[in-house]
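*Asks:* Questions regarding the structure given below will be posed in turn.
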Amino acid sequence: MLKKLLAPLFATLVSGLFVASSASAAAPVNTTPPNVSGTAKVGSTLTVSTGTWSNDPTSFTYQWQRCSSTTCTDIGNAVGQSYVVRNADGGDRLRADVTATNADGQATVHSNMTSLVATTGAPVNTVRPSITGDAIVGHELTAENGTWRNAPTSFRYQWLQCDRFGGACVEIPGATGKTYGVRFVDVSGTLRVDVTARNTNGATTRRSTPSDVVEPLPVIHVAGNKAPTIAFLSLKRLGNRVYARFRVCDDAAKGVTVVERDSKARALAYVRRFTVTPNRCVVATRSWTPAPRFRTKGRFVVTLRAIDKSRASSRFVSRSLVKR
C-alpha cells in the first residue's frame, strides 16, 4: 500500500530532476543584444554592455570591429569592454562582438553599430601603393595610390631606383609624376614610388611595393640584318678615370651606338653613349670620369650594350671594379 502511494511521488521527482538537468545542459542564448554607449569620435571611449542572456553565462569576452559599408574586420588587440576611438577609425562605424561562455559552450552576438566616426588627422594608409606596367626599357609604369583613410585631397609621387631586391633605393631627380618611363639606366634593378597623401591636417608618405626587375630592350630581329654583338675585354681604373676596352661586330659599315651604364649599390645609376663604326669588327677603348658617387668604396659595375641604326641590339655585358 505504501509502495503504491510513493510511486507517483517518486516518478514526479525523477521527472523533475531530468527536466532540470536538461535545462542546465545548454550554451548561453542571447535575449537582449549588447549595446555600445559613448560618442563615436576620435579620442572618446566607447563601452559595450554584455546584453541579456539565458542559461547563466559564467564569463564574457569582447572583440571590437571596424565596419565599412560592406564588411566588418577585427581591430588588433581591441579586446576589452571599453575601446578608445583612433584616427584609423575615421570614415567607418564601430561595433563589438560579445561572447558569453558557460560550462556547456559559448555563443557570440554583435552589438549595435555606432554612428560614422568623423575623419580627423593626416591621411592613414591601409593598403600599400603599388606599380602597374611592364618593367622593360621604353615601357611606362603607373603608380597606384593604394587605400587611405582620413580623406586625402591630393597625392604626390617620387620614383626611386632600387636594387633587384627592392632595397638601397635612391630618388630619381625629376621623376615626380604618376607615370614613369623606364630607362636603360634602370636595368637590372627594380623601381618603387613614394606616394604622399595630403589633407588639411597634414601629409603621410608610403612607399610602394617594388616593380619586377627591369629588363633591357628586347633584341630586335630585322629581315636581312644581323644584330650587332659586343664583348667586354677589360675594365681598369687609373686615378679617377675608368677605361673600358671592348669589341663590337656588325654586318654593316655604319655607326653603332654603345650604351654604357654606371651603377653601384645605393647610388643613382648613370648612362652615357659612345659611337663606333665596326666595318665587321672593331676593338675600341673609351674612358670617362665617373660621378663622385661611384668613386667611393664598394663595387662599381659597368654595363655595355650595342645598338645599330635599325635598332637591332646586342645582349648586355658587364664588368666590375672593387674599391676597398
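Please treat every number below as a calculation from the coordinates, not as lab data. The model shown is predicted, which means the values in this text are computed figures rather than measured ones. Here the Cβ positions follow ideal geometry from the backbone for every residue, glycine too, while neighbour counts run over all protein chains shown.
*Asks:* Between Arg324 and Asp74, what length comes free when the chain is fully extended (0.36 nm per residue of separation minus the Cα-Cα distance, one decimal in nm)?
*Replies:* Gain in length upon complete extension: 84.8 nm.
*Asks:* How are the C-alpha pair distances of the chain spread across 10 Å bins, as whole percents from the shortest bin up?
*Replies:* P(r) over the chain, rounded to whole percents: 5, 17, 17, 14, 11, 10, 9, 7, 4, 2, 2, 1, 0, 0.
*Asks:* What net charge do the residues around Tyr62 carry, taking every other residue with its C-beta under 15 Å from that of Tyr62, with Lys and Arg at +1 and Asp and Glu at -1?
*Replies:* Net of charged neighbours comes to 0.
*Asks:* To the nearest 0.05, how large is the calculated FRET efficiency for Ser154 and Leu233 if R₀ is 56 Å and r is the Cβ-Cβ distance?
*Replies:* 0.60
*Asks:* Now a separate question. Mind giving me the nanometre distance, one decimal, between the label points for Glu215 and Tyr243, set 7 Å out from Cα along Cα→Cβ?
*Replies:* In this crude label model, Glu215 to Tyr243 measures out at 3.8 nm.
*Asks:* Setting aside same-chain residues fewer than 8 positions from Lys178, which aspartates and glutamates have a Cα under 16 Å from its Cα?
*Replies:* Leaving aside aspartates and glutamates fewer than 8 places away in the same chain, those within reach of Lys178 are Asp134, Glu140, Glu144, Asp194.
*Asks:* Reachable aspartates and glutamates from Lys309, Cα under 15 Å, same-chain residues fewer than 8 places away excluded?
*Replies:* Asp250, Asp251
*Asks:* Something else about it: Summing -39500 (n - 2.57) over the DSSP H runs of n ≥ 4 in the chain and dividing by its residue number, what mean residue ellipticity at 222 nm do you reach, to the nearest 500 deg cm²/dmol?
*Replies:* Result for the chain, helices only: -2500 deg cm²/dmol.
*Asks:* For each of Arg241, Arg286, count neighbouring Cβ atoms within 10 Å of the residue's Cβ, then give the residues from fewest to most.
*Replies:* Arg241, Arg286
*Asks:* With a Förster radius of 41 Å, plug the Cβ-Cβ distance of Trp288 and Asp134 into 1/(1 + (r/R0)^6) and report the FRET value to the nearest 0.05.
*Replies:* The value I calculate is 0.85.
*Asks:* Considering only the other residues whose Cβ falls under 15 Å of the Cβ of Ala151, what net charge follows from Lys and Arg at +1 and Asp and Glu at -1?
*Replies:* 0
*Asks:* When the label point is put 7 Å from the Cα of Thr50 along its Cα-to-beta-carbon vector, which residues of region 99-140 have a backbone N closer than 12 Å?
*Replies:* Zone members listed by number: 99-102.
*Asks:* Apply 1/(1 + (r/R0)^6) to the Cβ-Cβ distance of Thr31 and Arg315, taking R0 = 56 Å, and write down the FRET efficiency to the nearest 0.05.
*Replies:* Once the sixth-power term is evaluated, E becomes 0.15.
*Asks:* OK, next. Just need the Rg to Rh number for region 180-315, please, alpha carbons only, Kirkwood Rh.
*Replies:* Over the Cα atoms of region 180-315, Rg/Rh equals 1.09.
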